[in-house]
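Trainee: Quick one: this structure, given as structure tokens, is what I'll be asking you about.
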Amino acid sequence: MSDRRCERTTARTLAALGAAALLVPLAAPAPAFAEGGWLRQDLDSADRVGLVLESGALRTDVGEADGGGASLRREGQRGRTGLATFPEQALDGPTDSVDVRVRADGDVEHLLAEVRGVRPDGMWTEWYPAPGSGGRVTLPEDVTQVQLRVEVEGGDTALTGLRVRPLASGAGRPGGGERDGGAHGARPAEPFSARLFATRIGLVGGTTANGHTVRKDDHFVALPSRRGLATRGGGEYTVRVCTTGALGPEGKNETPEHEPRCAYLPVWDVGPWNTGDDHWNEDRESWNDLERGRPQAEAAYTDGYNGGLDGFGRKVRNPAGIDLADGAFREGLQLPTNAWVEVDYLWTADYRQRAEITTVTQSDPVVVRGGPGLEHDPVGLAAHKANVDVACQTVGDEATGPFGTSSAWYRIGPGNYVPAAFADGGADAPDCARR
């Protein structure tokens, strides 16, 4: 992507994604093939927020007729935008390269098409942008299903057509074959981790970047990149956030006597400060001269990087690299003020036994305990829809949840346990006693 397009993209409205992500992607409906192996996207099938379908085109809903036209106006937005997320589609075979083509009524530069695919472990890759009106997109590993989304900016441009076709695997990499540093598609056993300064989102009643209406005591996070933004109501991109005892932007007031608390939270918003800073990736979208795991805003605040300004030219007032919804901030981590936290990006590693946290209310979190039973102290919370990795299972107190009554408990992190009755998946995890 050119610097000009990156710059323009990060200044877009934080719009919404569609349709909740499934724990295990279902078989896609029969694809609509076009000449040359293209898969056409039915505009009427898209999950829409802030868009309406008129005369065979998707355009921004200036009248908010569908109730979803309002966009969250923050992080350098310029006017109204909307987002269309299309159903996932199966491919004939695995590949890491696809060709995406976009048709528009108006300036195609006001559209941003992105694509992702299903990894061999059943999880989604991150979202990757297509250049201009379309072209080759190379994903980090072979995928068997793809999904497209398109952002529409302003009222003078509409999406009139969208299609994708698979290319030969490796076609997007010089020489094809394996990537530098190991086998194609290899991921570490443990997720990437970074120490970040966390701030509180607030904004109750506003709209997140994936279309969620912010509630009091919500449990989700914002990261400063669209690449790891989960679908509306989904948890395919989940972080584990744990307290460190360090409060304030300078990292002072250490309180090591307090046991750390951890919260498992889906990524439902974009921010703080930037919208194109996937600092958790080794090959990050922007600010590549910064070390991996260090947000641009942190470098701007502490070292005067980029003249002390964020990607929109604003003076950075704190080093925040993650925003926490009010419930995650106050209940999950019990933070008295903004603080430094340890963040594990769970999707960056292989999931051994993936499970999706599920609650009856579909909003309340599950209590995370320090051991497999009610006699163990609460040490955090796991949000509804959070995708967790079950390291092992053991027998504890009987609990009743959405999946029945069971005495099985899952260890989802160091010293972190949840009842199996609140988790969809993980039944094949090994016995903790045998590890």
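Trainee: Quick check: anything in region 183-203 modelled with pLDDT of 95 or more, over 20 Å from Ala46 (Cβ atoms) and assigned to a loop (DSSP other than H, G, I, E, B)?
Mentor: Yes, there is a match, as at least one residue in region 183-203 is modelled with pLDDT of 95 or more, over 20 Å from Ala46 (Cβ atoms) and assigned to a loop (DSSP other than H, G, I, E, B).
Trainee: Here is a further query. So how many residues does region 97-125 have that are within 20 Å of the chain's Cα centre (by Cα) and either touching a residue at least 24 places away in the same chain (Cβ under 8 Å) or crowded, with 23+ Cβ neighbours inside 10 Å (or both)?
Mentor: 13
Trainee: Here is a follow-up. If Gly68 satisfies every condition in (1) part of a loop (DSSP other than H, G, I, E, B); (2) modelled with pLDDT of 95 or more; (3) touching a strand residue (DSSP E or B) at 6+ places or on another chain (Cβ under 6 Å) but one, which is the exception?
Mentor: All conditions are met except number (2).
Trainee: Determine which member of the set Asn416, Asn387 is under 30 Å from Arg232 (Cβ atoms), touching a Lys or Arg at 6+ places or on another chain (Cβ under 7 Å) and not small (Gly, Ala, Ser).
Mentor: Just a single option satisfies the conditions, and that option is Asn387.
Trainee: Take region 358-377 and flag every residue that is out of contact with any Gly (no Cβ under 8 Å at 6 or more places or on another chain), over 13 Å from Gly401 (Cβ atoms) and exposed (fewer than 13 other Cβ atoms within 10 Å of the Cβ).
Mentor: Once the filter is applied, which keeps residues that are out of contact with any Gly (no Cβ under 8 Å at 6 or more places or on another chain), over 13 Å from Gly401 (Cβ atoms) and exposed (fewer than 13 other Cβ atoms within 10 Å of the Cβ), region 358-377 yields only Glu375.
Trainee: Does region 418-426 contain at least one residue that is out of contact with any Pro (no Cβ under 6 Å at 6 or more places or on another chain), of a type in the set (Phe, Trp, Tyr), over 30 Å from Pro249 (Cβ atoms) and outside any loop (DSSP other than H, G, I, E, B)?
Mentor: yes
Trainee: Quick one: which of Glu114, Glu88, Glu7 is at pLDDT below 90 and of a type in the set (Asp, Glu)?
Mentor: Glu7
Trainee: Okay, next question. Taking the condition in contact with a Cys (Cβ under 7 Å, 6 or more places away or on another chain) and either touching a residue at least 60 places away in the same chain (Cβ under 8 Å) or outside the structural domain of Asp218 (by TED's automatic domain parsing) (or both), does Val360 pass?
Mentor: Spelling it out, it is not the case that Val360 is in contact with a Cys (Cβ under 7 Å, 6 or more places away or on another chain) and either touching a residue at least 60 places away in the same chain (Cβ under 8 Å) or outside the structural domain of Asp218 (by TED's automatic domain parsing) (or both).
Trainee: In the list Leu335, Leu381, which residue meets the criterion of being at pLDDT 95 or above and surrounded by 24 or more Cβ atoms within 10 Å (Cβ to Cβ)?
Mentor: Among Leu335, Leu381, only Leu381 is at pLDDT 95 or above and surrounded by 24 or more Cβ atoms within 10 Å (Cβ to Cβ).
Trainee: Let me ask something additional. Residue under question is Glu178, and the condition is that it be modelled with pLDDT of 90 or more and over 29 Å from Pro87 (Cα atoms); does it hold?
Mentor: no
Trainee: Here is a further query. Only one residue in Ala339, Ala320, Ala328, Ala299 is of a type in the set (A, V, I, L, M) and out of contact with any strand residue (DSSP E or B) (no Cβ under 8 Å at 6 or more places or on another chain). Which one?
Mentor: Just one listed residue meets the conditions, Ala299.
Trainee: Here is a list: Pro414, Pro372, Pro419, Pro336. Which entry is over 22 Å from the mean Cα position of the chain (by Cα) and in the same structural domain as Pro266 (by TED's automatic domain parsing)?
Mentor: Pro336
Trainee: Any idea which of (1) of a type outside the set (Val, Ile, Thr); (2) within 25 Å of Ala130 (Cα to Cα); (3) touching a residue at least 24 places away in the same chain (Cβ under 8 Å) is the one Asn288 doesn't satisfy?
Mentor: Here Asn288 meets the rest and fails (3).
The values are calculated or read from the model by the stated rules, or taken from the named source; none is laboratory data. Computed from a prediction, not measured in an experiment: that's the story for all the values here. Backbone-built Cβ (ideal geometry, glycine too); neighbour counts: all protein chains shown.
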